[in-house]
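Shown next, in structure tokens, is the structure this report addresses.
Coordinate-derived values only; no laboratory data. Predicted, not measured: the structure shown is a model, and the values here were computed from it. Cβ atoms come from the backbone with ideal geometry, glycine included; neighbour counts cover every protein chain shown.
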Amino acid sequence: MSQADGDNARFGGFGHGNGSGMARGEDAARGGAHVATLLPGMTLERADVELAMPAEPDSVALARQMVRGIIDRLGWSDESRTDISIAVTEACTNAVLHAYPDSTGDYEVFAWAEPDKLVVAVRDHGQGISPRVPSPSAGLGLGMPLMLAIADEVNFTSEGGVTEVRMRFTPGSRREDA
Amino acid sequence: MSRASAGRLTMRAEDLREPVLERVVAALAARVDLPLDRLSDAQLASSVLIRSANRHAVDGVVRVELDVEDGAVGLSVGPLPTGEGSQMVAEDVPGVGPVLERLVDDWSVEPIDDDTETLRLSIGAGGAA
């Protein structure tokens, strides 16, 4: 796994350390990192739902609705549905805005659902994570802090030409002190 | 306007297929500015489609290609065993008749190979029969 230190354009300019993943809370607040412990057996081939789309702005709504449909079935609260929708929207928007700056390409959203947990991965085959460069599309830098605040665990990887953001949620994911 | 791919859904978990496709189709319908009644028809059609596809899926996985064309939403389900695409459209709901055929503007079956085919539905503002 390779991961850029410090600010980067792909993830809203939030310093995120050197590791492969972060749990919310102290590690994240310190910019520290730990090895992610997302559920075993969650291979791409066994995802419950997968949506592949062209990396275009219109696609983000489809990804958001895909996840909302899953949460409908899980029966989680409206608050959880809204929070998770925001986190997924941020991850997808990152892919759409930054993965293919000079070309077109696709990205995929994978979801694994269990009654009390939901894991969502957003993957693209674009330029990977790079140091933040000021640009009109860089955004406000809130994407990654939002994902970290909403998800129980967020894992970033960029290797072999694939960039992935994987987030784990539970029904009460949002931190009250976030 | 030519047909433009909007995405490809691959659904393994049977209980998630209907709520996911309903919501995704609604978003697509909004994208092409379908009137509200047709958006509702599109959701109903997707629901019927998934219930039927659950019975006809080749390998326990339902795949739906999504596209937009001329103000209509296109859904292509497959691969299905040859002959079952038409059967899905013609399937009767007791007392109601073939619901899918009534809800969609157009449908077609396109062969993939000798053994499998794809069922494509198009739902636009034109209105059901």
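For chain B, find the longest principal axis of its Cα atoms and tell me its angle to the long axis of helix B:14-31, 0 to 90°, nearest 10. The helix B:14-31 is inclined about 30 degrees to chain B. Extending 7 Å from Cα along the Cβ direction at residue B:113 and again at residue A:56 yields two label points whose distance is 3.1 nm.
Mind ordering A:99-112, A:73-86 by average Cβ neighbours within 10 Å, highest first?
A:99-112, A:73-86
If you wrap the tightest convex hull around every Cα atom of the range B:4-123 and split its volume per residue, you get 94 Å³.
What FRET efficiency do you get for residue B:30 and residue A:142 if R0 is 25 Å and r is their Cβ-Cβ distance, rounded to the nearest 0.05? Result of the calculation: an efficiency of 0.50. Relative to the longest principal axis of the Cα atoms of chain B, the long axis of helix B:36-56 makes an angle of roughly 0 degrees.
For the pair residue B:15 and residue B:90 in one chain, pulling the backbone fully straight at 0.36 nm per residue adds 24.6 nm over the alpha carbon distance.
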